[in-house]
Amino acid sequence: LKFTGTTTLASAADNAGKIVQTKMEGNYNFSSDTSSNSETYAGFGNEIVITPSSSSNALIFQMMISDVYFSSNEGIRIDIYDKTNATWVAGSTSRKASFHAGSTVNGLNTPVTLMEILETAGSGARTYQGYYRTETSGEAVYINNGGSNGFVRFCIMEVVKG
């Protein structure tokens, strides 16, 4: 038991916000670009397999990409895919993270950081991976444009909800 000064809590009631486990994967110094000119999602970077300790916990996803490239009037969609259950972490396909160059930019090479939260972790081992696609068929988009100096870092944290 824990006494807060005014209330006595069972030990489990004081775990809100506690990080239960962290899984992290990544590629530093990619050997080449990953590119697509299709509106069909394609995987990139390493997969992470995590087995939540409690289905009622939350999962927090963070992904850092050193540079993403898309040309003027083009955009790229990036999200995290649950390969085990064939579902998107963000929900429907209309709620993906989208990045657009705009008509005044002649190409854009930029770092991207994603953060998503899955309120219910689920049960059993689950495999997650980053996925991306172009906004317009035929327009090329790149993950790690520029060759061998880029990186993708992917982290999942299981957290006790409060």
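For the condition open to solvent by less than 40 Å² (accessible area, probe 1.4 Å) and at pLDDT below 65, Lys2 does not qualify. When Asp67, Asp82 are screened for being touching a residue at least 12 places away in the same chain (Cβ under 8 Å), closer than 19 Å to Ile156 by Cβ and either touching a Ser or Thr at 6+ places or on another chain (Cβ under 9 Å) or among the hydrophobic types (A, V, I, L, M, F, W, C) (or both), only Asp82 passes.
Could we say that Leu118 is of a type in the set (A, V, I, L, M) and modelled with pLDDT under 90 here?
When the stated conditions are applied, Leu118 does not pass them.
When the residues of the stretch 66-80 are narrowed to those that are in contact with a Lys or Arg (Cβ under 8 Å, 6 or more places away or on another chain) and open to solvent by less than 30 Å² (accessible area, probe 1.4 Å), which ends up modelled with the lowest pLDDT? Taking the candidates together, the pick is Ile76.
Restricting attention to the stretch 106-140, the residues that are in a strand (DSSP E or B) and either of a type in the set (Asp, Glu) or over 13 Å from Arg77 (Cα atoms) (or both) total 12. Checking each residue in the stretch 113-162 for being on the phi > 0 side of the Ramachandran plot and surrounded by 13 or more Cβ atoms within 10 Å (Cβ to Cβ) picks out Gly122, Asn144, Gly146. One residue stands out in the stretch 16-57 among those that are at pLDDT below 70 and assigned to a loop (DSSP other than H, G, I, E, B): the one that is least open to solvent (accessible area, probe 1.4 Å), namely Phe30.
The values are calculated or read from the model by the stated rules, or taken from the named source; none is laboratory data. The model shown is predicted, which means the values in this text are computed figures rather than measured ones. Neighbour counts are summed over all protein chains in view; Cβ atoms, including those assigned to glycine, are modelled from backbone coordinates with ideal geometry. In case anyone asks, the SASA skips ligands and DNA or RNA and just uses the protein heavy atoms, side chains included. Shrake-Rupley method; radii C 1.70, N 1.55, O 1.52, S 1.80 Å.
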